[in-house]
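See structure below.
The values are calculated or read from the model by the stated rules, or taken from the named source; none is laboratory data. The shown structure was predicted, so the numbers you read here are calculated from the model rather than taken from an experiment. Here Cβ is always computed from backbone atoms with ideal geometry, including for glycine, and neighbour counts include all displayed protein chains. Areas reflect the complete protein model, heavy atoms only, side chains present, ligands, DNA and RNA absent. Shrake-Rupley method; radii C 1.70, N 1.55, O 1.52, S 1.80 Å.
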2 protein chains.
Amino acid sequence: MKSAILSVGTELLFGQITNTNSVFLSQQLNYLGVDVMYHYTVGDNPKRLAEMIRQAFTDCDLIITTGGLGPTQDDLTKEIAAEVLHDDLVLHEDILNELEDYFKKINRVMTENNKKQAYLPSRAVLFDNDAGTAPGFALEENEKTIICLPGPPREMTRMFERKVKPYLEEKSESIIYYKMLRTFGIGESMLETELHQWIDGQTDPTLATYAKEGEACLRITSKRRTLDEAKAAVEDMIGNVSQKIGQYVYSFDDEEYYQVVGKKLINQKISTSSAESCTGGLFAQTMTEVPGISSVYDRGFITYSNQAKMEELGVKAETLEKYGAVSEETAIEMAEGVKKVTGSRLCISVTGIAGPDGGTEEKPIGLVYICVILDGQRISKEYKIRNISRKWNRNYTVLCMLDMINHMIEQKQ
Amino acid sequence: MKSAILSVGTELLFGQITNTNSVFLSQQLNYLGVDVMYHYTVGDNPKRLAEMIRQAFTDCDLIITTGGLGPTQDDLTKEIAAEVLHDDLVLHEDILNELEDYFKKINRVMTENNKKQAYLPSRAVLFDNDAGTAPGFALEENEKTIICLPGPPREMTRMFERKVKPYLEEKSESIIYYKMLRTFGIGESMLETELHQWIDGQTDPTLATYAKEGEACLRITSKRRTLDEAKAAVEDMIGNVSQKIGQYVYSFDDEEYYQVVGKKLINQKISTSSAESCTGGLFAQTMTEVPGISSVYDRGFITYSNQAKMEELGVKAETLEKYGAVSEETAIEMAEGVKKVTGSRLCISVTGIAGPDGGTEEKPIGLVYICVILDGQRISKEYKIRNISRKWNRNYTVLCMLDMINHMIEQKQ
């Protein structure tokens, strides 16, 4: 199946937003074995949008559009999609009821223009929007399919994963199965070098590496006649690569590092508290993204000022004076302070220089100290993080914290 | 002048990289008063690339391509550009010499395929590459212009700024100027309804609304002969819309809410501390994204457990028992606790139910209490946030916190 991705929205042509929808959809379609031939972007203009759809259909069987489904006047995608595939928009009463319920629930008046969202092509297969108000749909005519999805990435990705993927899987002849391995502590190029022998001769399964904010991922994909065959081929290859790079893999199921660590803390009932300086609460915020974490996460201290480090955690004035707030000694006293105050089994502290200012020759931006106490054991470490941006440095610091915790939990067993 | 941006590269169609070149070029072209009508992306395929160029020229006077100028076999852009505009590639001796010098300088053997980069259309205006080896160029025929730039963003952006911009400025007649207003507390559809009278009759300036994670944005754009005229037209319109929706606008310069609030705290030297339950540190983490915030941000408490709320902030056991952890009473005692412990001028607390579990009929997911104490004044509020996801609920809660702080700072003045 040949496809085109068509993004609708004048804001894209102004360069106000980056088109991440095309990236997501390209990846997903490729995983499903659908070839992506073109990306198109067009503004909120009915004539040009219609021409572009016709143009894409000369070459492609499938078009996926994003954007232009909302309640406002310049939202035109479904009108044009229906026009090109010779259908009419009709009022879907059930959608209208849902809209009305929704606005009642959030206690807002439903403006008249919102009703527009309940008008959809008569032949369309509808896709509910779990995360917004505009439904998506698929419309077919003579072996040509157009799938229209909302523009906001959160709405679009949810709708794709829950509704569009199953819809497309039914249309496909072969089965694609893949696993995404997540690694930390090894770069993408080193990962590729280590796995050279399998990446080069790729037929099936294929291996592909991806760089991801501070991490490297490995996708192992097999396309076979049956799911069982594809699964077996992927599992075999996982066995091979694990011997080479197993120590860097923290998830075989495309999970985030905080999810992996959060689950272990919950399952093993490890009470947890934290003290953060440079990350300003990012560690606590990340850990508390995990549903159910309240059963083990007790509390966190964001001791941004020296005063706070002394008052909340009992860090000694002499330590701060002699070694500085960014030092292994301070990190240790912070973690010991958390232990003393909370009695949690796992206590973690972090102090460092996140930038963009505050770095010196001796203590450059990216210098970070982390201390972890788990039951009887205490480990502290210095990291020299590549300074990319304040945000990146802080994100990477949290990954280092998770990595230390993960290895300490693993070693206990 | 009407233009299209054409990105060449199969890696884009695989979703392996995000197309930031189109964002950059769209912004730059709009600043120059060049309308961007389309973005196209195509793989390294000569037939489809030629068709796409012809297609774009039916409508546009200018095409800017990125990618496909390198030394390898699948780099085909200049061959196809020359073919469509009826020119031939000829060897440019000076480029060849530069290439040879470059490889001598970096002490590498120049492989034979690199010579390909010295072949360029005979009529082309050449653009040096300061950051790589492949030169770019502009080629014209009958009022149609194609500008071919290298794909790596660092090479492309430098070449654009130093060579292409002056080239285009000579061709342009008008200037575009716009402002992006950011609002909170009003939905996109309501925003449009309120501004109906100006959106409907849009000629110049034009108004466009956008939904953004929990917010709504308004872009006001003017295209005039001079920058001064465009600026004056936009400022006039800002005056008009401010009378209608001014109370919702938190930035006239496309800033994030946390940046707006962070700057006010820093400029007004308002010492700040926080206590969070449901947001788990997201407020502190967000505020400490602001460079320089350490001059005012003292500390944060993430009191996830009841024990922590009592021990760190002095919340009374009776309050927790009688009203529950998620209650206005608890929020108030948390904020008063922060005030007592830290003495900060601004103390803020939040407690709520982020989901996905933990909601009841009486206290549903999305129920949030925020209390702010600023100098002598204390305000506490109940919010019923639309439950979308744990992540979204927490993000929106932080926006509510920022909004309360912002209004309290403004009212003081």
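Summary of values
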| read-out | value |
| --- | --- |
| Residue within the stretch A:204-211 that is among the hydrophobic types (A, V, I, L, M, F, W, C) and in contact (Cβ under 8 Å) with a residue 40 or more places away in the chain present | no |
| Residues satisfying the stated conditions in the stretch B:193-228, i.e. closer than 24 Å to B:LYS2 by Cα, touching a helix residue (DSSP H, G or I) at 6+ places or on another chain (Cβ under 9 Å) and of a type in the set (S, T, N, Q) | B:THR206, B:THR209, B:THR221, B:SER222 |
| The lone exception for B:TRP392 - which of (1) out of contact with any Asp or Glu (no Cβ under 9 Å at 6 or more places or on another chain); (2) within 23 Å of A:GLY132 (Cα to Cα); (3) in contact (Cβ under 8 Å) with a residue 40 or more places away in the chain it fails | (1) |
| Residues that are touching a residue at least 40 places away in the same chain (Cβ under 8 Å), open to solvent by 40 Å² or more (accessible area, probe 1.4 Å) and under 25 Å from the mean Cα position of the chain (by Cα), drawn from the stretch A:257-277 | A:TYR258, A:LYS264 |
| Selected residue (only one of A:THR72, A:THR20 is among the hydroxyl-bearing types (Ser, Thr, Tyr) and under 30 Å from A:TYR210 (Cα atoms)) | A:THR20 |
| The stretch A:322-354: number of residues that are free of Cβ contacts under 8 Å to residues at least 24 places away in the same chain and among the hydroxyl-bearing types (Ser, Thr, Tyr) | 1 |
| Complete set of residues in the stretch A:45-55 that are touching a strand residue (DSSP E or B) at 6+ places or on another chain (Cβ under 9 Å) and either open to solvent by 50 Å² or more (accessible area, probe 1.4 Å) or of a type in the set (Lys, Arg) (or both) | A:ARG48, A:GLU51, A:GLN55 |
| The stretch A:32-52, subset out of contact with any Asp or Glu (no Cβ under 8 Å at 6 or more places or on another chain) and more than 9 Å from chain B (Cβ to nearest Cβ), residue nearest to A:THR77 (Cα to Cα) | A:LEU49 |
| Hits in the stretch A:21-31 (condition: more than 7 Å from chain B (Cβ to nearest Cβ), buried (at least 18 other Cβ atoms within 10 Å of the Cβ) and over 11 Å from A:ILE5 (Cα atoms)) | A:GLN28 |
| Some residue of the stretch A:66-78 being more than 8 Å from chain B (Cβ to nearest Cβ), under 31 Å from the mean Cα position of the chain (by Cα) and on the phi > 0 side of the Ramachandran plot | yes |
| Residues within the stretch B:103-141 that are over 21 Å from B:VAL90 (Cα atoms) and not hydrophobic (A, V, I, L, M, F, W, C), tallied | 5 |
| Residue within the stretch A:278-289 that is within 10 Å of chain B (Cβ to nearest Cβ), over 19 Å from A:ASP403 (Cβ atoms), in contact (Cβ under 8 Å) with a residue 40 or more places away in the chain and crowded, with 17+ Cβ neighbours inside 10 Å present | yes |
| Matching helices (runs of 4 or more DSSP H) fully within the stretch A:112-226 where at least 2 residues are in contact with an Asp or Glu (Cβ under 6 Å, 6 or more places away or on another chain) and buried (at least 17 other Cβ atoms within 10 Å of the Cβ) | none |
| Sole residue being open to solvent by 50 Å² or more (accessible area, probe 1.4 Å) and of a type in the set (A, V, I, L, M), chosen from A:VAL84, A:VAL90, A:VAL42 | A:VAL90 |
| Which numbered condition A:ASP101 fails, given (1) within 14 Å of another protein chain (Cβ to nearest Cβ); (2) open to solvent by less than 60 Å² (accessible area, probe 1.4 Å) | (2) |
| Out of A:ASP87, A:ASP59, A:ASP130, sole residue that is within 11 Å of another protein chain (Cβ to nearest Cβ), in contact with a strand residue (DSSP E or B) (Cβ under 7 Å, 6 or more places away or on another chain) and without any contact (Cβ under 8 Å) to a residue 60 or more places away in the chain | A:ASP59 |
| Single unsatisfied condition, B:TYR297 versus (1) hydroxyl-bearing (Ser, Thr, Tyr); (2) within 14 Å of chain A (Cβ to nearest Cβ); (3) touching an Asp or Glu at 6+ places or on another chain (Cβ under 9 Å) | (3) |
| Scope the stretch A:356-403; condition in contact with a Cys (Cβ under 9 Å, 6 or more places away or on another chain) and more than 14 Å from every other protein chain (Cβ to nearest Cβ); matching residues | A:VAL368, A:ILE370, A:CYS371, A:VAL372, A:ILE373, A:LEU374, A:ARG378, A:ILE379, A:SER380, A:LYS381, A:TYR383, A:ILE385 |
